[in-house]
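Attaching a single structure in structure tokens format; questions to follow.
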Amino acid sequence: MSADGYEVTVIDPIPLHVERAAALPGVTAVAGDARRLPYPDAVMDAVLLLGPLYHLGERADRVRALREARRVVRPGGPVAAATINRHAATLGTICLGHYLREPERRAARSAAADGFMLSPGAGFTAYFHDPDEVPGEFADAGLPDPVRYGVEGAFWLYGDMDDWLDDPWRRSLVLDAQRSMETEPTLLGVSGHMLTVGVADG
């Protein structure tokens, strides 16, 4: 985005992430917490939350982060947030062959049951949303009627998808295909991630 002339600020609680982001051209990076943004009201053109909603296990904290994003964005500005879908662990571990291991199966079943993913390996602990619960969190933060997009759709589960993405022509075809159904409600849950976008009113 900075290459397009935007001023980009990255806020992250992890010092290494802040250091790496600050090294990028046109990016300002600061340590911080999505639940307590260090900015006055209505100063940002857009806010993108890539991480907070799946690293905050409590609903009240997720709504608080969304409310903070809503507070700092200008009227009419978008607030977009990524979430991980409830069954992503089951789908992903089967796709990668990890579902053969009992600890992986147990973690995937637990995430599917209540949303809490406790990685048995070196991964992270996270909260996995049911796609239908995200609009309620947005609404409680003052962002009613958001639009949901499946990021990968079902294509992330295809064994040859890396080959498609490496080829410019095939990549354009699969991206067009995904755009044609990225908001289809019946397909949202099969995507590994969902991006939800709400607009701050005046």
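Quick grid of which residues meet (1) part of a helix (DSSP H, G or I); (2) out of contact with any helix residue (DSSP H, G or I) (no Cβ under 8 Å at 6 or more places or on another chain); (3) open to solvent by 50 Å² or more (accessible area, probe 1.4 Å):
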residue: Asp61; (1), (2), (3): yes, yes, no
residue: Leu66; (1), (2), (3): yes, no, no
residue: Gly76; (1), (2), (3): no, yes, yes
residue: Ile84; (1), (2), (3): no, no, no
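Name every residue in the range 108-123 that is of a type outside the set (Gly, Ala, Ser) and buried (at least 18 other Cβ atoms within 10 Å of the Cβ), in order of residue number.
Met117
Has the range 83-92 got any residue that is among the basic types (Lys, Arg) and in contact with a His (Cβ under 9 Å, 6 or more places away or on another chain)?
yes
Quick check on my filter: what residues within the range 15-45 are farther than 19 Å from Ala69 by Cα, part of a loop (DSSP other than H, G, I, E, B) and open to solvent by 70 Å² or more (accessible area, probe 1.4 Å)?
Ala23, Leu24, Pro25, listed by residue number.
In the range 114-123, how many residues are in a strand (DSSP E or B) and under 29 Å from Val199 (Cα atoms)?
Number satisfying all stated conditions: 1.
Specify the residue that is farthest from Asp61 (Cα to Cα); the eligible residues are those in the range 16-37 that are in contact (Cβ under 8 Å) with a residue 24 or more places away in the chain and touching a strand residue (DSSP E or B) at 6+ places or on another chain (Cβ under 9 Å).
Gly26
Name the helices (runs of 4 or more DSSP H) wholly inside the range 124-202 in which the number of residues that are within 16 Å of Ala88 (Cα to Cα) and open to solvent by less than 70 Å² (accessible area, probe 1.4 Å) is 1 or more.
134-140
The values are calculated or read from the model by the stated rules, or taken from the named source; none is laboratory data. Note that this is a predicted model, so its numbers are computed, not measured. Backbone-built Cβ (ideal geometry, glycine too); neighbour counts: all protein chains shown. Note: areas computed on protein heavy atoms with side chains; ligands, DNA, RNA excluded. Shrake-Rupley method; radii C 1.70, N 1.55, O 1.52, S 1.80 Å.
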